[in-house]
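A quick write-up on the structure given underneath.
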Amino acid sequence: MTNQVKIFDTTLRDGEQALPASLSAKEKLQIALALERLGVDVIEAGFPVSSPGDFKSVEMIAREVKNSTVCGLSRALPADIDACGQALKVAEQFRIHTFIATSDIHVNSKLKKSQDDIVEMAVAAVKHARNYTNDVEFSCEDAGRTHIDYLCRMVEAAIAAGATTVNIPDTVGYTTPTEFGGIIKSLFDRVPNIDQAIISVHCHNDLGLAVANSLAAVEQGARQVECTLNGIGERAGNAALEEIAMILQTRKDMLGLTTNINSSEISRSSKLVSQLCNMPIQSNKAIVGSNAFSHSSGIHQDGVLKSQNTYEIMTPESVGINKNNLNLTSRSGRHVIKHRLTELGYTSADYDLEAIYEAFLQLADKKGQVYDYDLEALLFFDKQKHDHAYYQLEYLQATSGREIVPSATVKLTIGGDSVTRASTGNGPVDAAYKAIMEMVGHDNIDVVDFKLDSKGEGADALAQVSVIAEYRGRRFHGIGLATDIVEAGVKALIYVLNNTHLADQIDLQRHQQDRIAGV
Ligand SMILES: CC(=O)SCCNC(=O)CCNC(=O)[C@H](O)C(C)(C)COP(=O)(O)OP(=O)(O)OC[C@H]1O[C@@H](n2cnc3c(N)ncnc32)[C@H](O)[C@@H]1OP(=O)(O)O
Ligand SMILES: CC(C)C(=O)C(=O)O
């Protein structure tokens with residue numbers, strides 16, 4: 001048996017299921033490219049049949065990603081599998097992942113079919129997927145609560161039908177490590193054709209055991225782990241990729257296993273996901289929490305100063321965290337910005353130095369000192385900027401205070417034309433939003449959530465606003481970052497508007513294609 005464990009990342013599929021609003025195709029692509037740099041073997045990019053937007057983003061990722069296998073999920077239904085095949089066919093290497101539940105509770109109460117019917121559907125689905133690719137994964141949903149005899153029967157049938165990876169999910173995070181490891185061991189002991197497929201695991205964190213269960217499975221021979229960055233996913237989430245990767249790397253002495261993960265990419269990939277998904281990382285989170293490499297008590301600090309490994313079992317650098325000792329201010333030049341970005345793990349292909357430097361100077365003039373977080377935020381927003389964004393903010397002035405009516409004047413570029421409006425409201429953000437909505441003419445956008453966070457250190461922190469808005473029955477997420485709260489709020493709304501505009505365009509294209517096809 002190989003000592004290589006494949007890392008199958010499902011941040012864009014199971015992870016996205018946990019978000020209150022979908023990511024845009026562009027955001028998903030940004031995450032997919034980060035996952036590729038991180039070295040994941042398989043990127044589960046989405047569930048193509050679920051919506052035209054998901055189909056498009058899977059197709060876009062399939063086209064752009066070259067060094068990881070791109071995968072799409074489907075129920076055990078021909079139409080779902082066909083959607084995967086269509087969306088993925090542009091990829092250099094792709095996998096179709098099909099699944100059906102096998103536990104009594106799901107078979108009887110949800111699928112309402114017999115066990116024989118379910119085996120038949122699974123076999124037919126795997127065979128159908130093999131018409132598109134030789135790389136087919138089959139999952140027994142809720143395997144953790146499936147009777148072991150039936151699970152063995154299903155795994156054997158799926159492999160005989162052509163599944164090259166068989167995944168054993170603990171869908172509801174119910175099992176304990178000894179129990180889950182035991183399930184994997186039983187499969188290896190009892191399924192006669194098991195060596196013809198890779199056994200994979202997909203553990204949820206309902207009892208906080210997702211990583212421990214995945215590790216127990218690997219110790220029993222599983223050679224693929226499904227996981228997500230920062231552990232995001234349905235309910236309490238999935239096994240955290242960064243924890244699995246660093247356990248295997250740090251305890252190679254005991255486990256003797258390797259992965260293809262380039263661990264120095266972990267920190268910035270994790271930040272990107274946290275930022276785009278608006279899912280803050282708890283400070284004591286293993287590997288990527290802000291306290292993961294901080295030492296606060298005297299005995300620890302003394303130990304670390306004498307020898308870092310007294311209290312650090314891995315170095316911050318090994319996960320891409322670099323300690324900064326250069327102060328970045330408006331007196332800094334391009335060289336130091338480039339140097340710092342290189343230290344943070346970015347290459348010149350990741351940014352436009354002139355654009356970043358200009359944004360940096362503006363920020364430094366307002367803030368004095370610019371921290372790593374600020375620099376990464378500038379990079380992040382630079383990447384977000386579409387050169388031809390339909391809606392762009394040109395000018396904003398807002399007034400508020402006691403005993404006056406809050407008002408705002410906003411100038412936007414809309415599809416290349418400049419438009420200005422002024423409005424009043426119950427606060428400056430409300431006034432600016434009213435002015436924008438009037439210009440945009442959307443009375444069907446409903447802002448359902450507005451969250452303000454401070455990002456960075458102390459009173460110097462930047463304001464980050466996250467907005468969720470409903471538009472034509474779907475939810476869109478936007479983020480805005482600025483030294484000024486009103487500006488951050490306006491940028492977040494404009495971000496949403498650009499995403500709704502892209503979604504409208506995808507729908508329009510789809511209608512045109514349907515019309516041509518005579519549907
Ligand atoms: C454990 C997991 O994470 S599984 C992945 C979860 N992800 C998603 O659900 C993606 C988002 N979902 C969607 O967009 C929609 O639910 C769709 C497009 C997939 C399906 O929508 P609808 O056709 O309206 O069906 P709906 O979601 O209401 O119900 C699911 C149906 O699929 C059936 N089903 C569920 N799993 C499977 C499966 N693996 N194979 C075949 N059928 C299945 C259910 O029994 C139900 O069928 P029924 O209508 O005959 O009762
Ligand atoms: C579809 C499968 C792999 C899944 O997400 C689960 O069982 O949790």
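The values are calculated or read from the model by the stated rules, or taken from the named source; none is laboratory data. Note that the structure is predicted; figures quoted are calculated from it, not measured. All Cβ positions, glycine included, derive from the backbone under ideal geometry; neighbour counts span all protein chains shown. We work out accessible area using only protein heavy atoms, side chains counted, and drop any ligands, DNA or RNA first. Shrake-Rupley method; radii C 1.70, N 1.55, O 1.52, S 1.80 Å.
Laid out as a table, the results:
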read-out	value
Filtered residues of the stretch 387-419 (kept if of a type outside the set (A, V, I, L, M), closer than 21 Å to Asn498 by Cα and either open to solvent by 70 Å² or more (accessible area, probe 1.4 Å) or outside any strand (DSSP E or B) (or both))	Asp387, His388, Tyr390, Gln392, Glu394, Tyr395, Gly415, Gly416, Asp417, Ser418
Condition broken by Glu226, with the remaining ones in (1) out of contact with any strand residue (DSSP E or B) (no Cβ under 7 Å at 6 or more places or on another chain); (2) under 17 Å from Val42 (Cβ atoms) satisfied	(1)
Test: residue in the stretch 25-40 that is near ligand 1 (Cβ under 10 Å from one of its atoms), at pLDDT 95 or above and crowded, with 23+ Cβ neighbours inside 10 Å	no
Filter pass, Asn167 being assigned to a loop (DSSP other than H, G, I, E, B) and either within 16 Å of ligand 1 (Cβ to nearest atom) or over 23 Å from the mean Cα position of the chain (by Cα) (or both)	no
Residues being more than 16 Å from Thr133 (Cβ to Cβ) and away from ligand 2 (no atom under 16 Å from the Cβ) - total across the stretch 69-86	1
Residue within the stretch 51-68 that is within 14 Å of ligand 2 (Cβ to nearest atom) and crowded, with 17+ Cβ neighbours inside 10 Å present	no
The one condition in (1) part of a loop (DSSP other than H, G, I, E, B); (2) farther than 24 Å from Leu241 by Cα; (3) acidic (Asp, Glu) that Glu312 fails to fulfil	(2)
Pair list, Cβ under 6 Å, 6 or more apart: the stretch 58-74 residue among the hydroxyl-bearing types (Ser, Thr, Tyr), other residue surrounded by fewer than 24 Cβ atoms within 10 Å (Cβ to Cβ)	Ser68/Glu36; Thr69/Gln93; Ser74/Asp80
Failed item in (1) crowded, with 20+ Cβ neighbours inside 10 Å; (2) touching a helix residue (DSSP H, G or I) at 6+ places or on another chain (Cβ under 6 Å), with Arg268 passing the rest	(2)
Contacts under 8 angstrom Cβ, first residue in the stretch 76-105 being basic (Lys, Arg), partner in a loop (DSSP other than H, G, I, E, B), 6 or more apart	Lys89/Tyr132; Arg95/Thr133; Arg95/Asp135
Identity of the residue in the stretch 194-213, part of a loop (DSSP other than H, G, I, E, B) and open to solvent by 50 Å² or more (accessible area, probe 1.4 Å), that ends up farthest from Leu151 (Cα to Cα)	Gly208
The stretch 170-179, residues that are in a helix (DSSP H, G or I) and either of a type in the set (Asp, Glu) or touching a Leu at 6+ places or on another chain (Cβ under 8 Å) (or both)	Pro177, Glu179
Condition met for Ile261 (away from ligand 2 (no atom under 15 Å from the Cβ) and among the β-branched types (Val, Ile, Thr))	yes
Condition check for Val155: open to solvent by less than 10 Å² (accessible area, probe 1.4 Å), hydrophobic (A, V, I, L, M, F, W, C) and assigned by TED's automatic domain parsing to the domain that holds Thr102	yes
Selection from the stretch 462-473 of residues that are open to solvent by 20 Å² or more (accessible area, probe 1.4 Å) and in contact with a Phe, Trp or Tyr (Cβ under 9 Å, 6 or more places away or on another chain)	Glu470
Residue within the stretch 291-308 that is open to solvent by 30 Å² or more (accessible area, probe 1.4 Å) and closer than 30 Å to Tyr174 by Cα present	yes
Single residue of Ala222, Ala216 found to be without any contact (Cβ under 8 Å) to a residue 40 or more places away in the chain, small (Gly, Ala, Ser) and buried (at least 23 other Cβ atoms within 10 Å of the Cβ)	Ala216
Hits in the stretch 43-70 (condition: within 16 Å of ligand 1 (Cβ to nearest atom) and β-branched (Val, Ile, Thr))	Val49, Val58
Hits in the stretch 87-102 (condition: within 13 Å of ligand 2 (Cβ to nearest atom) and out of contact with any strand residue (DSSP E or B) (no Cβ under 8 Å at 6 or more places or on another chain))	none
Where a residue in the stretch 310-321 is touching a residue at least 60 places away in the same chain (Cβ under 8 Å) and its partner, wherever it lies, is assigned to a loop (DSSP other than H, G, I, E, B) and open to solvent by 20 Å² or more (accessible area, probe 1.4 Å), with Cβ under 8 Å and at least six apart	Val319/Val288
Helices (runs of 4 or more DSSP H) within the stretch 241-283 that include 3 or more residues under 11 Å from Ala34 (Cβ atoms) and hydrophobic (A, V, I, L, M, F, W, C)	266-277
All positions within the stretch 39-86 that are among the small types (Gly, Ala, Ser) and in contact with a Leu (Cβ under 8 Å, 6 or more places away or on another chain)	Ala45, Gly46, Ser57, Ala62, Ser68, Gly72
Residue in the stretch 133-150 that is surrounded by the fewest Cβ atoms within 10 Å (Cβ to Cβ), counting only those that are outside any strand (DSSP E or B) and within 13 Å of ligand 2 (Cβ to nearest atom)	Arg145
Residue satisfying all of: in the stretch 171-193; in contact with an Asp or Glu (Cβ under 8 Å, 6 or more places away or on another chain) and not hydrophobic (A, V, I, L, M, F, W, C); most open to solvent (accessible area, probe 1.4 Å) among these	Tyr174
Members of the stretch 9-39 found to be within 16 Å of ligand 2 (Cβ to nearest atom) and closer than 23 Å to Gly345 by Cβ, listed by number	Asp9, Thr11, Leu12, Gly15
